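The values are calculated or read from the model by the stated rules, or taken from the named source; none is laboratory data. The model shown is predicted, which means the values in this text are computed figures rather than measured ones. When we count neighbours, we look across all protein chains shown, and the Cβ atoms used for this are built from the backbone with ideal geometry, even at glycine. Calculation scope for accessible area: heavy atoms of the full protein, side chains included, ligands and nucleic acids excluded. Shrake-Rupley method; radii C 1.70, N 1.55, O 1.52, S 1.80 Å.
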Amino acid sequence: MTVVIVDGESVSASGALAAPDGIDLLRPTDRDAVARLFAACSAETVRLRFWGGRREFPRDHLDALLAGPPAEHDAVVAHRGGRDRLVGIAGFAAGPDGRPGSGELGVLVVDAWQRQGIGTAMIGLLLARARARGVEQVVANVLPGRHGLLAALGRRLEPVRASFTGDGLTGVYKLAPTPAPTPTPTGEERGGPHRSCR
């Protein structure tokens with residue numbers, strides 16, 4: 001299952017968003033950096049993301065992140081202090097039903113960098129990329145008691161439905177297409193050249 005760790009619009013103690021050095025697409029060469037990112041997370045952060053205790057980033061999940069084409073599994077990373085020093089990873093996977101118009105969102109941010117806008121920035125990039133691929137629906141699953149995370153996502157996307165089970169909460173959201181730019185009419189399209197009235 002996927003858990004969404006959305007950092008919201010929180011600000012750092014200085015009052016400004018603490019931006020990472022960069023947010024980039026995950027690369028096959030990032031495997032060791034992802035392992036270090038995972039090791040830097042607390043047991044509680046890992047439990048909330050992967051719905052249980054794990055000693056290392058799930059190998060099959062990482063393989064899918066590294067190998068999957070964006071339509072199947074898109075992934076981005078946030079780094080601070082160099083490309084090999086990851087502070088976050090986010091993925092957007094094709095939905096479990098395989099429909100190309102939906103996908104599941106998951107985010108992991110190192111504890112020290114949570115609530116500083118890094119998750120929000122990574123999610124923003126993933127959603128823009130998904131929107132460009134024609135994805136229309138986003139699914140997010142969280143553990144019971146973590147409904148605030150779904151609410152944060154709901155502030156950015158139109159909620160479609162929510163469901164509650166003993167295992168957790170699921171939110172489904174509409175990902176509206178990017179509106180096409182409105183062309184500026186030329187003089188003739190506005191009714192011809194401007195004529196002054198006398």
Looking for something modelled with pLDDT of 85 or more, of a type in the set (D, E, K, R) and open to solvent by less than 60 Å² (accessible area, probe 1.4 Å) - is there at least one such residue anywhere in region 62-76?
yes
Residue check: is Arg83 open to solvent by 30 Å² or more (accessible area, probe 1.4 Å), charged (D, E, K, R) and touching a residue at least 60 places away in the same chain (Cβ under 8 Å)?
yes
Within region 90-114, track down each residue that is assigned to a loop (DSSP other than H, G, I, E, B), at pLDDT 85 or above and either on the phi > 0 side of the Ramachandran plot or out of contact with any Cys (no Cβ under 7 Å at 6 or more places or on another chain) (or both).
Gln114
Counting just the residues of region 1-52 that are closer than 18 Å to Gly81 by Cβ and among the acidic types (Asp, Glu), which one comes out modelled with the lowest pLDDT?
Asp21
Contacts under 6 angstrom Cβ, first residue in region 122-137 being small (Gly, Ala, Ser), partner in a helix (DSSP H, G or I) and modelled with pLDDT of 90 or more, 6 or more apart
none
